[in-house]
């Protein structure tokens, strides 16, 4: 019985609740990364954009402020629960690792030649950072911050853009990205565990797809490397490659206005124009056929989007309805309909323009409110059976379903499967999610 209930829960449409990110009076928030358990990290700053203090939030409330003055967006919380960030010191760039309570555990100093440094990923107390030579420069470099306090270059002799850090099934840590060779950017992979002389592997020579135009984007938790390449017709195509030589190639997809790849599942979503010039979105889940959807009639184009490991997409679109501006849409796996995000929101989204800035594999999305005082929002994914929006599934949700029994035409609430009725099906969803 519980297996049947679990299957029902997994196909239930998603829902979210908006949480305003807390700041002090006169200050703004810039969230860089969302981790598990409602944790988020970024900076609090003054004005429309500028340096600020590294800050950690939980469910929108400030947990810790670290006295680290930076204009970087390269903060993250690693899987071991440590915070990473950078600060511009003038003579060099400081990279630090700290506890979530703000205790600084270790620091590294990156040379001054990069003008802008971001933490890309961290595993086992070591991090990979990428640096730009400055505004208007196409030169990038990558470095590894080692546990012994040293800073190790990934490559000295060429421009190299580090995209991600991950772990293979063998336990080996690898970093991937794009490297410039002969004026072209091509995918690379480098072991983080083979020492300072580790080879930078050109994936154009390794992945058997017959293309020189390969870009590496991320490493999934099962060890697959997520890439994209240009085929002989110059279409971009998603690609998953395993170090054992296995390759899974996706369909041709446009890459015009926005793109996102979930690093866990390899789900790819892009937006652009179809053959008739209509704005549309494409989604490919490995093992499934590609999905295509034109935007709603009054929507002009996609500005940014985020996809989670289930293939659920939240996107910001430029729309003419009800007025000209930016709004949120949701695209569920297997659905032929784009949904106004408010139909899946418990609580009120602020009026005015809303823009997606990034997301996480577990469904949380960073949203910026471009008008009013709401500022930065965490558009937080709820359990499918959470009928009251408290991020828990318990007896209170069961009571809410019973209280709403019958025809339901109200806002997002006890009608958990969105079929217009609150009935025994919704009870089963609560029981199934409760059990899991």
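The values are calculated or read from the model by the stated rules, or taken from the named source; none is laboratory data. Owing to the predicted nature of the structure, the values given are computational and were not obtained by experimental measurement. Note: ideal-geometry Cβ built from the backbone for every residue, glycine included; neighbour counts use all protein chains shown.
Once the range 410-436 is narrowed to residues that are modelled with pLDDT under 90 and outside any loop (DSSP other than H, G, I, E, B), the residue that is surrounded by the fewest Cβ atoms within 10 Å (Cβ to Cβ) is 435. Contact map, the range 209-222: residues that are without any contact (Cβ under 8 Å) to a residue 40 or more places away in the chain paired with residues that are part of a loop (DSSP other than H, G, I, E, B) and surrounded by 19 or more Cβ atoms within 10 Å (Cβ to Cβ), Cβ distance under 8 Å, separation 6+ or inter-chain. Pairs shown: 211/204; 212/204; 213/204; 214/203; 214/204; 214/207.
The one condition from (1) surrounded by fewer than 22 Cβ atoms within 10 Å (Cβ to Cβ); (2) at pLDDT 90 or above that residue 281 does not meet is (1).
The single condition among (1) under 21 Å from residue 62 (Cβ atoms); (2) at pLDDT 90 or above that residue 397 does not satisfy is (1).
Among the residues of the range 117-131, are any in contact with a strand residue (DSSP E or B) (Cβ under 7 Å, 6 or more places away or on another chain), surrounded by fewer than 21 Cβ atoms within 10 Å (Cβ to Cβ), modelled with pLDDT under 90 and over 19 Å from residue 82 (Cα atoms)? No, every residue in the range 117-131 fails to be in contact with a strand residue (DSSP E or B) (Cβ under 7 Å, 6 or more places away or on another chain), surrounded by fewer than 21 Cβ atoms within 10 Å (Cβ to Cβ), modelled with pLDDT under 90 and over 19 Å from residue 82 (Cα atoms). For the residues 387, 381, 306, 341, the requirement of being at pLDDT 90 or above and more than 30 Å from residue 266 (Cβ to Cβ) singles out 387. Of all residues in the range 402-421, which are more than 32 Å from the chain's Cα centre (by Cα) and under 13 Å from residue 388 (Cβ atoms)? Hits for the range 402-421 are 402, 403, 404.
Which one of 153, 208, 169, 196 is within 18 Å of residue 79 (Cβ to Cβ) and surrounded by fewer than 16 Cβ atoms within 10 Å (Cβ to Cβ)? First the steps, then the outcome.
Numbers: 153 fails: within 18 Å of residue 79 (Cβ to Cβ); 208 fails: within 18 Å of residue 79 (Cβ to Cβ); 196 fails: within 18 Å of residue 79 (Cβ to Cβ).
It is 169.
Just for the range 233-268: of the residues that are in contact (Cβ under 8 Å) with a residue 60 or more places away in the chain and closer than 18 Å to residue 357 by Cα, which one is surrounded by the most Cβ atoms within 10 Å (Cβ to Cβ)? Can you show your working first?
First, pick out the residues of the range 233-268 that are in contact (Cβ under 8 Å) with a residue 60 or more places away in the chain: 243, 260, 262-265.
Keeping just the survivors that are closer than 18 Å to residue 357 by Cα gives 260, 262-263.
Working: 260: 22, 262: 24, 263: 21.
Checked the range 233-268; the qualifying residue surrounded by the most Cβ atoms within 10 Å (Cβ to Cβ) is 262.
Would you pick out the residues in the range 351-377 that are touching a residue at least 40 places away in the same chain (Cβ under 8 Å) and under 14 Å from residue 316 (Cα atoms)? Within the range 351-377, 355, 356, 357, 358, 359, 365, 366, 367, 370, 377 qualify.
In this structure, residue 372 does not qualify as at pLDDT below 90, touching a strand residue (DSSP E or B) at 6+ places or on another chain (Cβ under 7 Å) and surrounded by fewer than 18 Cβ atoms within 10 Å (Cβ to Cβ).
With the structure loaded, tell me whether residue 326 is touching a strand residue (DSSP E or B) at 6+ places or on another chain (Cβ under 9 Å) and either surrounded by 17 or more Cβ atoms within 10 Å (Cβ to Cβ) or not in a strand (DSSP E or B) (or both) or whether it fails that test.
Numbers: touching a strand residue (DSSP E or B) at 6+ places or on another chain (Cβ under 9 Å): yes; either surrounded by 17 or more Cβ atoms within 10 Å (Cβ to Cβ) or not in a strand (DSSP E or B) (or both): yes.
Here the answer is yes, as residue 326 does meet what is asked.
Of all the residues in the range 34-46, those that are free of Cβ contacts under 8 Å to residues at least 60 places away in the same chain and over 15 Å from residue 368 (Cβ atoms) number 3.
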